[in-house]
Amino acid sequence: MAIAVVGILAITAMPRFANKADFDARGFFDGTLSILRYAQKSAVAQRRMVCVAFGADSSVTLTIAANFGGACDTPLAGPNGAAPYALTAPAGVGFAAAPTSFSFRPSGEASLGQSISVANLPGRSITVVAATGYVQEN
């Protein structure tokens, strides 16, 4: 009986574990959501503008203004102290459409609202609400 149960589980579960691209896409989605929330909270906490730049290689990089009211000119350190705080998509993973770079103001508002999706991850998107800077998963 135990062998039959293990066999059934192997037939149904193994294909999901074998497809690493699905796990990579979900991990990149979660990382993007996390870095955007960090950027918004850093802008409010440090009372500085924080800029979010999206690269052609499906990367996300954060910079911060050195002074209140200034332009983003300094790499923003991440939670582990590394600067700039950046995220790069694993091989075979990327954004469904190239997002537009934007910034979070010291009040927490975003300069641009948008919806960000990761390719090969249907039904999931990240929404940045311009008026509040709220970053949510849909």
Out of all the residues in region 114-133, which are part of a loop (DSSP other than H, G, I, E, B) and without any contact (Cβ under 8 Å) to a residue 24 or more places away in the chain? Ser117, Pro122, Gly123, Ser125, Val129, Ala130, Ala131
With criteria (1) on the phi < 0 side of the Ramachandran plot; (2) surrounded by 14 or more Cβ atoms within 10 Å (Cβ to Cβ); (3) out of contact with any Pro (no Cβ under 8 Å at 6 or more places or on another chain), Gly70 comes up short on (2)
Counting only residues that are in contact with a helix residue (DSSP H, G or I) (Cβ under 9 Å, 6 or more places away or on another chain) and of a type in the set (Ser, Thr, Tyr), region 62-87 contains a total of 1
Starting from residues that are assigned to a strand (DSSP E or B) and buried (at least 17 other Cβ atoms within 10 Å of the Cβ), keep the ones in region 88-113 and report whichever is nearest to the chain's Cα centre (by Cα). Phe95
Filter result (among the polar types (S, T, N, Q) and either assigned to a strand (DSSP E or B) or in contact with a strand residue (DSSP E or B) (Cβ under 8 Å, 6 or more places away or on another chain) (or both)) within region 35-74: Gln40, Ser42, Gln46, Ser58, Ser59, Thr61, Thr63, Thr74
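Here, each number is a calculation from the coordinates, and none is a lab measurement. All figures in this text were calculated on a predicted structure; none of them were measured in a lab. Cβ sites come from the backbone with ideal geometry, for glycine too, and all protein chains shown count toward neighbours.
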